[in-house]
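*Asks:* Here's a structure for you.
Each value in this text was obtained by applying a stated rule to the coordinates, not by laboratory testing. Please read these numbers as outputs of a predicted model, since none were measured by experiment. Positions of Cβ are generated from backbone atoms using ideal geometry, with glycine treated the same way; all protein chains shown enter the neighbour counts.
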Amino acid sequence: MQVMERDRINVALQAEALRLLASLFRRPDGSLTGSIDALLSVYADEPAAVASLETMRNSLEAGDLTPLLVDYTQLFIGSFEMTAPPYASYYLSPSPAVGGAVTQEIASFYAKRNLTLDAQEKMPADFIGFMFEFVYRQVFAYLQTGDEGHLNAVDLFCEKYLLGWVPTFFLRMRDSARTDYYRELSHIGLNYLPIGFGVR
């Protein structure tokens, strides 16, 4: 019983890490230091992760966020081309594109698990932040109800829509980033991403 409880606590921490990481793909501003501070608690036993997160926090607290905003734009929005598109459809579609069939499939997957995006939301369903948030919600639904269907959904969702492209995304971020903030975020994503939830 104690082992299972430890497993559940570990899974809860992993899911919380995904929720916090999801927030770091928003437009950078000082409010993100709260997410970083919370991640420092989650990764307290990982010195390299702590070093990356502290560098990220220092970047946000430096005062002038212009370099971060420029990097955010060139990585995730792009005047002409995104250098690290944060959308599953870009990587999983037959030709690099955002939107279309993959985006609709992911939106349908959400809907089947009783999650719908706000009608006013401008970001598509396959935005990495939403996808991490979806996994977080399913894991916590499992922890609250014990319903294995939530974990089955996580397994299927990760296998079909996340694991095949997220490492490539973080590699592109690492290679294209111009600021320490996004280089260190890519380091977290490549080395500490808590996608596997081993509770069964």
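*Asks:* Restricting attention to region 137-160, which residues are within 13 Å of the chain's Cα centre (by Cα) and buried (at least 22 other Cβ atoms within 10 Å of the Cβ)?
*Replies:* Across region 137-160, there are no qualifying residues.
*Asks:* Quick one: which helices (runs of 4 or more DSSP H) lie wholly within region 1-91 and hold at least 2 residues that are over 16 Å from the mean Cα position of the chain (by Cα) and closer than 19 Å to Val139 by Cβ?
*Replies:* 2-23
*Asks:* Okay, next question. Just give me the residues in region 24-50 being loosely packed, with under 14 Cβ neighbours inside 10 Å, free of Cβ contacts under 8 Å to residues at least 24 places away in the same chain and among the aliphatic types (A, V, I, L, M), in sequence order.
*Replies:* Ala44
*Asks:* Restricting to region 50-93, name every residue that is within 21 Å of Thr168 (Cβ to Cβ) and among the charged types (D, E, K, R).
*Replies:* Selection gives Asp71, Glu81.
*Asks:* Is region 169-177 home to any residue that is more than 13 Å from the chain's Cα centre (by Cα), over 23 Å from Tyr43 (Cβ atoms) and not in a helix (DSSP H, G or I)?
*Replies:* No, because not a single residue in region 169-177 is more than 13 Å from the chain's Cα centre (by Cα), over 23 Å from Tyr43 (Cβ atoms) and not in a helix (DSSP H, G or I).
*Asks:* Quick one: which residue in Thr73, Thr83, Thr103 is closer than 30 Å to Asp180 by Cβ and surrounded by 15 or more Cβ atoms within 10 Å (Cβ to Cβ)?
*Replies:* Thr83
*Asks:* Looking at region 168-194, which of its residues are surrounded by 14 or more Cβ atoms within 10 Å (Cβ to Cβ) and over 29 Å from Asp64 (Cβ atoms)?
*Replies:* Leu193, Pro194
*Asks:* Please verify whether region 106-117 includes one or more residues that are more than 18 Å from Ala153 (Cβ to Cβ) and either acidic (Asp, Glu) or in contact with a Pro (Cβ under 9 Å, 6 or more places away or on another chain) (or both).
*Replies:* There is no residue in region 106-117 that is more than 18 Å from Ala153 (Cβ to Cβ) and either acidic (Asp, Glu) or in contact with a Pro (Cβ under 9 Å, 6 or more places away or on another chain) (or both).
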